[in-house]
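Have a look at the structure below, then the notes.
The values are calculated or read from the model by the stated rules, or taken from the named source; none is laboratory data. Please read these numbers as outputs of a predicted model, since none were measured by experiment. Cβ: placed from backbone, ideal geometry, glycine included. Neighbour counts: every protein chain shown. For the accessible areas, the whole protein counts, side chains as well, though only heavy atoms, and no ligand, DNA or RNA atoms are used. Shrake-Rupley method; radii C 1.70, N 1.55, O 1.52, S 1.80 Å.
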Amino acid sequence: MPTAVEEFAVRVAPSTGEKRRKVLLISPATPDTFWSYKHVLHFISKKAAFPPLGLLTVAAMLPREWDLKLVDLNTGRLTDEQIEWADYVFVSAMIVQADSARQIISRCLDKGKTVIAGGPLFTTGHEQFPEVKHFVLGEAENVMADLVADMTAGSLRRFYQCGERPDITHTPAPRWDLIKLKQYALMPVQFSRGCPFNCEFCDIIIMNGRVPRTKTPAQMIRELESLVDVGWRESIFIVDDNFIGNKVKVKEFLRALIAWSRRRGVKFQFTTEASLNVADDPELLRLMVEAGFKKIFVGIETPQEEGLIECAKAQNTQRDLLASVKTIQKAGIEVMGGFILGFDSDKPNIFERQIKFIQEAGVVTAMVGLLQALPGTQLFSRLEKEGRILSQATGNNVMAALNFIPKLDRELLIEGYRSLVKRLYSPQMYYRRIRAFLSEYRPQGPRFRLSCRDIKAFLKSLWIMGIWSRGRREYWKFLSRAVLFHWRAFPEAMTLAIIGHHFRRVAATL
């Protein structure tokens, strides 16, 4: 009996004898942000953090007989020859990639190519791209059969969109063969889509809904096997909007993952995104740690209860935020935190309150951004009704700019933000934060699991950060304390120290 994925392939397959189509899939360049890790990738001889999972997945939905090429502008350049080769050009982009996407589209249209655009940038903002004639809006699975048929017939419609959320148990594994894996630090996979919460500023529920949909454990294991088969043994980023949105399903997957890892003899290290209520479930934390999860990104947003209530961040209210973070750290998982400035309830003391919390919690990777009203969100609708929207959002949370009129004085907010980020990533405060984290962190597994890549990165840090950096004195003080007091977590300590080099470079541009 064919699997769901095989049935999907049959639905999108072209008719026998049809012309082979040549499709160029392009991922635009991502600007220099906290999450680009641009300034530390050379420590580990990589070109980008991770490849474009959306395009790799869409590629797997196209007929196998077609000729495909993928160009990631984060690892290489787009040539005229590549554009001229294609019958069709797919461009998929996040909001933060808008400028690069415009340049790509212009080049392709100038050469007379048919551009089909998809991804979050176009799903919520296609009106800003009148030059593009064809869009896939929202998730692709339910419209791919029609799109392939119309591409084959040469009669494309303007919009491809389905009102129903797709069953992602039918989603095929990504086409890893279209990229050079060695260029990336992490490989992305997806277990679920959607989030059960209703945060006012978030566009996830607009694009993927509030009812989490999950893949099956067997399906996930097949995707991991496909990575093992192509030789991948490094870290994996599970890119879910909220990995624990369906706790029953995620526990089933984690148990299967643990069993597969033992049976296969493969121990991946995982990073993911999850809501703070993961701290309320000891069994879930235990399973995540046993499965190899080392880091989770959590939207903490603000230590101010009024701000959490204002943005409907219900999962963070009526709890001790500091204790929740430390619970996760003590379990053996690093908490990377998202924080926001610019809520209507923010007072002039919000900057010091944020710094105090971040330092005490030991949230080493603290992405602090100014609030942005993203298109389609409840926040955008509210501010638009209040006449407070000024422009479209950039999607870049480390830009010192606002696209709406805040309640707090605008200049005070922007200058306070700049000062906060620069202080947070000053060597003294940053290394102090790592020590606060290490004092709570309980590493699991073998004590030292250093690869050759880790050793090379450490040696580069001795030269770049220990000799040429302005913060070299703080670096050596931190290094000596890590050896003396946190030797069991020394790999984690040095990884965080190196990443801090990138954060300082980005903070300096604000």
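The set of residues in the stretch 124-154 that are among the small types (Gly, Ala, Ser) and more than 24 Å from Gln378 (Cβ to Cβ) comprises Ala140, Ala145, Ala149, Ala153, Gly154.
Of all the residues in the stretch 23-38, those that are more than 30 Å from Gly154 (Cβ to Cβ) and either buried (at least 20 other Cβ atoms within 10 Å of the Cβ) or touching a His at 6+ places or on another chain (Cβ under 6 Å) (or both) number 4.
Here the condition is being assigned to a helix (DSSP H, G or I) and modelled with pLDDT of 90 or more; of Ile434, Ile455, it holds for Ile434 alone. So, in the stretch 306-323, how many residues would count as being among the charged types (D, E, K, R) and within 18 Å of Cys202 (Cα to Cα)? Qualifying residue count for the region: 3.
On the stretch given as the stretch 105-132, residues that are open to solvent by 10 Å² or more (accessible area, probe 1.4 Å), farther than 15 Å from Ala86 by Cα and in a loop (DSSP other than H, G, I, E, B) total 3. What are the pairs, 6+ residues apart or on separate chains, where a residue within the stretch 452-468 that is touching a residue at least 24 places away in the same chain (Cβ under 8 Å) has its Cβ under 9 Å from a residue that is among the acidic types (Asp, Glu) and surrounded by 14 or more Cβ atoms within 10 Å (Cβ to Cβ)? These pairs meet every condition: Arg453/Glu234.
What number of residues within the stretch 282-308 are within 20 Å of Arg210 (Cα to Cα) and either free of Cβ contacts under 8 Å to residues at least 24 places away in the same chain or touching a helix residue (DSSP H, G or I) at 6+ places or on another chain (Cβ under 8 Å) (or both)? Qualifying residue count, the stretch 282-308: 5. If you go through the stretch 345-384 one residue at a time, how many are of a type in the set (A, V, I, L, M) and either touching a His at 6+ places or on another chain (Cβ under 6 Å) or not in a helix (DSSP H, G or I) (or both)? Matching residues across the stretch 345-384 total 9.
Restricting the first member to the stretch 475-491 and to residues that are in a loop (DSSP other than H, G, I, E, B), and the second to residues that are of a type in the set (Gly, Ala, Ser), the beta-carbon pairs closer than 7 Å and six or more apart or on different chains are His486/Ala493. Would you check which residues across the stretch 441-452 are open to solvent by 40 Å² or more (accessible area, probe 1.4 Å), assigned to a loop (DSSP other than H, G, I, E, B) and modelled with pLDDT under 85 and list them? Across the stretch 441-452, the qualifying residues are Gln444, Gly445, Pro446, Arg447, Phe448, Arg449, Leu450, Ser451. Only one residue in Leu374, Leu402, Leu390, Leu408 is over 26 Å from the mean Cα position of the chain (by Cα) and either under 30 Å from Ala101 (Cβ atoms) or surrounded by fewer than 16 Cβ atoms within 10 Å (Cβ to Cβ) (or both). Which one? Going through Leu374, Leu402, Leu390, Leu408 in turn, the sole match is Leu390.
Taking Leu462 as the residue in question, decide whether it is assigned to a loop (DSSP other than H, G, I, E, B) and farther than 24 Å from Phe270 by Cβ.
No; evaluated as a whole, the condition is false for this residue.
Taken over the stretch 311-346, the criterion of being polar (S, T, N, Q) and in contact with a Lys or Arg (Cβ under 9 Å, 6 or more places away or on another chain) is satisfied by Gln329, Ser345. Put simply, of Val250, Val266, Val230 the only residue that is closer than 26 Å to Arg165 by Cβ and β-branched (Val, Ile, Thr) is Val250. Kindly indicate whether any position in the stretch 22-29 is in contact (Cβ under 8 Å) with a residue 12 or more places away in the chain, assigned to a loop (DSSP other than H, G, I, E, B) and under 17 Å from the mean Cα position of the chain (by Cα). Scanning the stretch 22-29, I find at least one residue that is in contact (Cβ under 8 Å) with a residue 12 or more places away in the chain, assigned to a loop (DSSP other than H, G, I, E, B) and under 17 Å from the mean Cα position of the chain (by Cα), so the answer is yes.
Kindly indicate whether any position in the stretch 266-277 is part of a loop (DSSP other than H, G, I, E, B), in contact (Cβ under 8 Å) with a residue 60 or more places away in the chain, small (Gly, Ala, Ser) and open to solvent by less than 30 Å² (accessible area, probe 1.4 Å). Scanning the stretch 266-277 turns up at least one residue that is part of a loop (DSSP other than H, G, I, E, B), in contact (Cβ under 8 Å) with a residue 60 or more places away in the chain, small (Gly, Ala, Ser) and open to solvent by less than 30 Å² (accessible area, probe 1.4 Å). Summed over the stretch 244-264, the residues that are in a helix (DSSP H, G or I) and either open to solvent by 80 Å² or more (accessible area, probe 1.4 Å) or in contact (Cβ under 8 Å) with a residue 40 or more places away in the chain (or both) give a count of 10.
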